[in-house]
Amino acid sequence: MICSTGIDIVYIPRLVKYINDDVFLNRLLTDAEKKYIFTKKLPYKHLAGRFAAKEAVMKAMGTGWDKGVGWRDIEIVNTSFGKPMVHLHLKAKDIVQDKKFFLSIAYVKDIAVAFAVLEGHAKHEGTHEPR
């Protein structure tokens, strides 16, 4: 059962200036995420994708930034086939519990978009159990 969804769109050129900003990168990304984006020809494009994905996950969780979930509590990793997956840590993991995320990231020209689906039993605000 789908509990909730989240979507986010990022204008890729907005993040170009942050690609060499270690303070920003360390606040936003885990070590594995930083390693991943810097294997790419256009790392700022994948930085934008990770940013959009984390925002989409926060929206699906219903937390935003003000409920104690940090950027690094949400980690976006790829399977060996390139499929993005969500790994949660700390407060984010506590909130989601046994629910599962599905994630898609897409790029077109100067736009990165991410769509997150949270699946499981609906037990939090904003969701409804079927009757």
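Miscellaneous remarks
- For the range 63-77, the condition holds for at least one residue, the condition being that it is buried (at least 21 other Cβ atoms within 10 Å of the Cβ), touching a Pro at 6+ places or on another chain (Cβ under 7 Å), within 30 Å of His121 (Cα to Cα) and not aromatic (Phe, Trp, Tyr).
- Out of Ala32, Ala52, sole residue that is farther than 14 Å from Leu118 by Cβ and without any contact (Cβ under 8 Å) to a residue 60 or more places away in the chain: Ala32
- Tabulated pairs, the range 73-101, first closer than 16 Å to Thr5 by Cα and among the acidic types (Asp, Glu), second at pLDDT 95 or above and assigned to a strand (DSSP E or B), C-beta under 7 angstrom, 6+ apart or interchain: none
- Residue selected from the range 98-130 under the condition in a loop (DSSP other than H, G, I, E, B) and touching a Lys or Arg at 6+ places or on another chain (Cβ under 8 Å), by the criterion modelled with the highest pLDDT: Gly120
The values are calculated or read from the model by the stated rules, or taken from the named source; none is laboratory data. Values in this document were obtained by computation on a predicted structure and should not be read as measured data. Cβ coordinates were reconstructed from backbone atoms using ideal geometry, including for glycine residues, and neighbour counts include every protein chain displayed.
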